[in-house]
Amino acid sequence: MKRMTGWLLLFLIMMFGCSEKSEPPAVEPNMEEPSDVVEESVESPTPQVFEADPSSFHFIADWLTDTQILYVVKNNGVYKVNYFDIETGETGLVYEDSSFIIDVLVHPSSDYLLVHTSDHPNSAVIKIVEMDGTVEHEVEIDSTELSIEWNRENPKKILFTAFHEDWSFDLFAFDGSDDSLSLVELDDPFPKWANDNKIFSMLLEDHPLDGGDIQMFHLDTEKVETTGIGNAVYFDVFDDAIGIVQTIDSDAFTYTIRNFDGEVKSEWKLPAVSNYSEWVVPAIEWLDENRLILKGAEKSGQLDELGAKFNLYRFEKGSPELLVKGLDEGPLKCSPSGQYCLNGYTSEELIDMRAKEIFEWIEFDN
């Protein structure tokens, strides 16, 4: 069991501590403000509204296709993974399980579901399910909380981070080719796959606000390679590209998309936001290795003092396009093509990227 790291100490500080407030400086992004006006009228079907029964509805999970959203309900003691098509209104059953379903992920290949279940507070059972409902792999892990990182190219490769009651953690690598589960000795609880046998991680030496160093870890040899990339506060990987957010300037985040050898393919800046104990960097959504969708603040400062919400941008080779204003800092879940995104911690907002409009796609019957 690994020691508690700065990642988890930071979480506790955020929950229970605060520090002296100061007036946030205003910082402009290093970009021209895109126009809010859509120059061409884009014909997009008006999304259908899903009428949900609050007595059985469990949660919204993921995108099954470009138009079908997975959600989970409980009926007669059975948890069902269903889909709702936002363009046709069609619904259907995808998978059902007698165990309590915590989360459902769709692999980028669209061939498999990962169903995270649990019947006990200190353990989890993860099932890799084919689209016809056949359970191909099943693994049980002792944990109170579980983080999952699924290999984009190889659905048989999964990283599991099992957090325990004292917020220590164990990192495991699962290989479905032989159903093996091996312990990985790494201090970063949130690594990302580089390929079948390598993962990127971030090493925090001091306070999380100082950022960390990006490293590559070889699973087969346990060798660590340095990349020379420091001051990193967030990173993510897509195919052969790595997106990194750095705090080279305390008032601005520097975003770069790089090749694995460190070559910068594109770069831009957005105002930096913190909540006193950590930087607030909303996760990015990749469209491909050169294009992504992300949220950015209009000015730098402390999150609870800004008064303004986040804007949604689409970046292509560093060129920004403003899509929508006034969003919270919550996560995005975008459809495979990026035409639609679910926004927020409950995913009840639907953003149509072509029309640049926000819809409430789900309503609960009283």
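The values are calculated or read from the model by the stated rules, or taken from the named source; none is laboratory data. For clarity, every value in this text was computed on a predicted model and none was experimentally measured. No Cβ is skipped: glycine too gets one built from the backbone with ideal geometry, and neighbour counts run over all protein chains shown. The area values use the complete protein model at the heavy-atom level, side chains included, leaving out ligands, DNA and RNA. Shrake-Rupley method; radii C 1.70, N 1.55, O 1.52, S 1.80 Å.
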Over the stretch 259-366, calculate the relative contact order: mean separation of alpha carbon pairs under 8 Å at least 6 apart, over the residue count, as a percent. 17
Env charge @ L342, Cβ radius under 10 Å, K,R +1 / D,E -1, value -2
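Hey, got a sec? Which GluC sites (Glu not before Pro) in the stretch 183-230 land in a DSSP loop and have at most 13 other Cβ atoms within 10 Å?
Numbers: sites: E185, E205, E222, E225; in loops: E185, E205, E222.
Taking the stretch 183-230 and a limit of 13 other Cβ atoms within 10 Å, the loop GluC sites (Glu not before Pro) found are E185, E205, E222.
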Taking only Cα atoms of the chain, radius of gyration then Dmax in Å: 20.8, 57
With all protein chains modelled, accessible area of E263 [1.4 Å, Å²]: 110
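Rg(Cα) of the stretch 128-204 divided by 2.2 N^0.38 Å?
On the way: Rg = 12.9 Å, N = 77, 2.2 N^0.38 = 11.5 Å.
Scaled against compact globular proteins, the figure is 1.12.
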Taking every alpha carbon pair in the stretch 298-366, what does the distance histogram look like in 5 angstrom bins from 0, in percent? 3, 14, 23, 24, 17, 12, 5, 1, 1, 0
Can you find, among H107, Q48, W167, the residue sitting farthest towards the positive end of the charge dipole of the chain, where Lys and Arg contribute +1 and Asp and Glu -1 at Cβ? W167
P(r) weight above 15 Å for the stretch 138-179, C-alpha pairs, percent: 41
Rounding to the nearest 20 debye, state how big the charge dipole of the stretch 175-314 is about its Cα centre with +1 on each Lys and Arg Cβ and -1 on each Asp and Glu Cβ. 800
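Report the trypsin sites (Lys or Arg not before Pro) located in the stretch 266-341 that are in a DSSP loop and have at most 12 other Cβ atoms inside 10 Å of their Cβ, or state none. List each step's numbers first, then the result.
Working: sites: K269, R291, K295, K299, K309, R314, K317, K325, K333; in loops: K299, K309, K317.
Filter output for the stretch 266-341: K317.
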Stokes-Einstein D (µm²/s) once Rh is taken as the Kirkwood radius of the stretch 168-239 over alpha-carbon pairs, at 10 °C in 1.306 mPa s: 122
For the chain, the per residue accessible area (1.4 Å probe, Å²) is 47
For the pair E51 and E96, what calculated FRET efficiency results from E = 1/(1 + (r/R0)^6), where r is the Cβ-Cβ distance and R0 = 22 Å, to the nearest 0.05? 0.60
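Sorted by mean Cβ packing within 10 Å, highest first, what order do the peptides 170-179, 100-109 take?
Values: 170-179: 16.3, 100-109: 18.2.
Descending packing order for the listed peptides: 100-109, 170-179.
How big is D for the stretch 97-160, in µm² s⁻¹ as a whole number, if Stokes-Einstein is applied with the Kirkwood radius of its Cα pairs at 20 °C and 1.002 mPa s?
Working: Rh = 12.0 Å.
It comes out at roughly 179 µm²/s.
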In whole percents, the bins of 5 Å from zero upward hold the Cα-Cα pairs of the stretch 220-272 as 5, 19, 28, 23, 15, 7, 3, 2
GNM top mover of V115, V245, V184 - the chain, alpha-carbon springs below 10 Å: V184
Whole angstrom only: what separates the Cα centroid of the stretch 127-168 from the Cα centroid of the stretch 234-299? 26
Give the accessible area for T226 in Å² (nearest 10); use a 1.4 Å probe, count only protein heavy atoms, and leave out ligands, DNA and RNA. 120
Once you have the Kirkwood Rh of the stretch 41-187 from its Cα pairs, apply Stokes-Einstein at 10 °C and 1.306 mPa s and quote D in µm²/s. 96
Reachable lysines from K265, Cα under 28 Å, same-chain residues fewer than 8 places away excluded? K157, K192, K198, K223, K295, K299, K317, K325, K333, K356
Per-q log10 I(q)/I(0), the stretch 157-298, q = 0.15, 0.17, 0.22 Å⁻¹ (Debye; single scatterer per alpha-carbon; no solvent): -0.80, -1.01, -1.47
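Quote to one decimal, in nm, the extra length available between F364 and D251 on full extension: 0.36 nm per residue of separation minus the C-alpha distance between them. Please list the in-between numbers first.
Numbers: separation 113, 0.36 × 113 = 40.68 nm, distance 4.15 nm.
Length difference between fully extended and current span is 36.5 nm.
Compute the length gained on full extension between L209 and E225: take 0.36 nm times their separation in residues and subtract their Cα-Cα distance, giving the result in nm to one decimal. Working shown, then result.
On the way: separation 16, 0.36 × 16 = 5.76 nm, distance 2.33 nm.
Here the segment from L209 to E225 would lengthen by 3.4 nm.
Report, in deg cm²/dmol and to the nearest 500, the calculated mean residue ellipticity at 222 nm for the chain, where each DSSP H run with n ≥ 4 adds -39500 (n - 2.57) and the sum is divided by the residue count. If you can, show how the numbers build up before the last one.
Numbers: 1 runs with 11 residues, N = 366.
Helix-only estimate at 222 nm: -1000 deg cm²/dmol.
Can you pull out the trypsin sites (Lys or Arg not before Pro) in the stretch 131-226 whose DSSP state is coil and whose Cβ has at most 10 other Cβ atoms within 10 Å? Present the calculation step by step, with values, prior to reporting the outcome.
Details: sites: R152, K156, K157, K192, K198, K223; in loops: R152, K156, K223.
Answer by residue number: K223.
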